[in-house]
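Take a look at the structure below.
Derivation of every value follows stated rules applied to the coordinates shown; laboratory data play no part. Quick caveat: nothing in here was measured; it's all calculated off a predicted structure. Reconstructed Cβ throughout: ideal geometry from the backbone, glycine too, with neighbour counts over all protein chains shown.
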Amino acid sequence: MRNKFRAAAAMLLALAALAGCGDKVRVFSVYYKNADGDSLVMEEHKTSDISGDRDKTVEYLIGELTKSPKTEGLINVLPDGTKLLGVSFLGRTATVDLSKEYYQNTDVDELLARYAIVSTLGEVDGVDNVEILIEGEPLISATSGAVVGRISKSDVVYSPQAKTQDAFDTLMLYFPDAEGQYLVPEERDIEIQTSLSPERLILSELMKGPGSKNLTQAVPADIKVISAETKDGVCFVNLSGDALTKISPGTTSTTLFLYSIVDSLTELETIDSVQLLIDGKTGVEFGNYVLDVPLERNETLIKE
């Protein structure tokens, strides 16, 4: 009789262990916009472990991105009504097909949505890259008007992680000399901000002006930068149309304005050239320039 009880107890323990395995929980990081809509914030979401099924995992995570965040003050990155139309995989690249409501996002909102999707799906085992389709067609960048294509986790330079400690970096910025003829490099130690991409951080520092009294300011403090993003070595800087009225139309002033931006941004290893856009358009006449092609670094303007 005692042996029967032992056998029954062992069976109950085995069943309990199996039940426990079925209740295994996986924690995923899902990204939303902060209250100001200019940065990404991570929120932990728990679900039963579906990591062995990539399709179900991606479907779950995209579904979470369409829901309201649990944390008060956070904002969805996907517009209301956005639906997942399909998921496919090619090697370690996940392709997600979203409905046309996605395009209700523009400028910075679209860039943040893109990065939130890539950062969130980067949690999926076996996914290193993400390609986004809209109604079966390749995603078009709201900033550059170009096809976005495949995005790897390493391409997400707009850091969504919360800052855990003070971090500083040294930027090389370029400002006109007192005579307004050449650009002079100025090193600046700045605190890294998770709410700004490196591109936006450089533009923000240029708008603050030089630290040296011997230098002048080329980029006005009140100019509006709609967005700045880098793709395949080209940084697309989208300025508001009123930038045309804030810069003197003279040959030297427009040249120093443009190359203060270009030479500062090309200090980043990821940037080879800069395409300036005005209200999202290329080919705009800007002083003595036509902004129809990316501008490469101009070393001849830098005073030795």
Placing +1 on each Lys and Arg Cβ and -1 on each Asp and Glu Cβ in the chain, then taking the dipole about the Cα centre, the residue among Ser212, Thr57, Thr71 whose Cα reaches farthest towards the positive end is Thr57
Ranking Ile271, Ala178, Asn34 by how far each Cα lies towards the positive end of the charge dipole of the chain (+1 on Lys and Arg Cβ, -1 on Asp and Glu Cβ), the top one is Asn34
A correct fewest-to-most ranking of Thr71, Thr230 by other Cβ atoms within 10 Å would be Thr71, Thr230
Listing Val130, Val108, Val87 by rising number of other beta-carbon atoms within 10 angstrom, fewest first, gives Val87, Val108, Val130
Options [x] 21.0; [y] 19.2; [z] 17.4 are given for mean projected area of the Cα convex hull in nm², and the computed one is [x]
A correct fewest-to-most ranking of Asp169, Asp279 by other Cβ atoms within 10 Å would be Asp169, Asp279
Listed by chain and number, the residues whose amide H is under 5 Å from that of Leu239, excluding neighbours fewer than 5 places away on the same chain and using placed H, are Ile226, Leu277, Ile278, Asp279, Gly280
Taking only the alpha-carbon positions of the range 168-301 as identical scatterers, the Debye log10 I(q)/I(0) at q = 0.12, 0.22 Å⁻¹ comes out as -0.41, -1.56
Longest principal axis of the chain (C-alpha) makes with the long axis of helix 54-66 (C-alpha) an angle, in degrees to the nearest 10, of 60
Phi-derived 3J(HN,Hα) across the range 73-85 with the Karplus relation (6.51, -1.76, 1.60, θ = phi - 60°), rounded Hz, x for Gly and Pro, is x, 7, 10, 4, 8, 9, x, 4, x, 5, 10, 8, 8
If every Lys and Arg gets +1 and every Asp and Glu gets -1 at its Cβ, then about the Cα centre the chain yields a dipole, in debye to the nearest 20, of 1640
With +1 at each Lys and Arg Cβ and -1 at each Asp and Glu Cβ, the charge dipole magnitude of the range 168-301 around its Cα centre, to the nearest 20 debye, comes out at 420
The aspartates and glutamates whose Cα lies under 12 Å from the Cα of Lys208, excluding any fewer than 8 residues away in the same chain, are Asp222
Note, the range 28-38: 3J(HN,Hα) by Karplus (6.51, -1.76, 1.60, θ = phi - 60°), whole Hz, Gly/Pro = x, goes 10, 9, 10, 10, 10, 7, 6, 4, 7, x, 10
Longest principal axis of the chain (C-alpha) makes with the long axis of helix 251-265 (C-alpha) an angle, in degrees to the nearest 10, of 30
Flagged as over-length at 31 Å C-alpha distance, from Lys46/Lys281; Lys46/Lys224; Lys100/Lys281, the pairs are Lys46/Lys281; Lys46/Lys224
So the angle from the long Cα axis of helix 198-208 to the longest Cα principal axis of the chain, reported in degrees to the nearest 10, equals 40
The equivalent-ellipsoid semi-axes of the range 23-155, taken as the square roots of five times the Cα gyration tensor eigenvalues and listed largest first in whole Å, are 21, 19, 13
Per the helix-only model, the chain has a calculated mean residue ellipticity at 222 nm (DSSP H runs of ≥4, -39500 (n - 2.57) each, divided over all residues, rounded to the nearest 500) of -8500 deg cm²/dmol
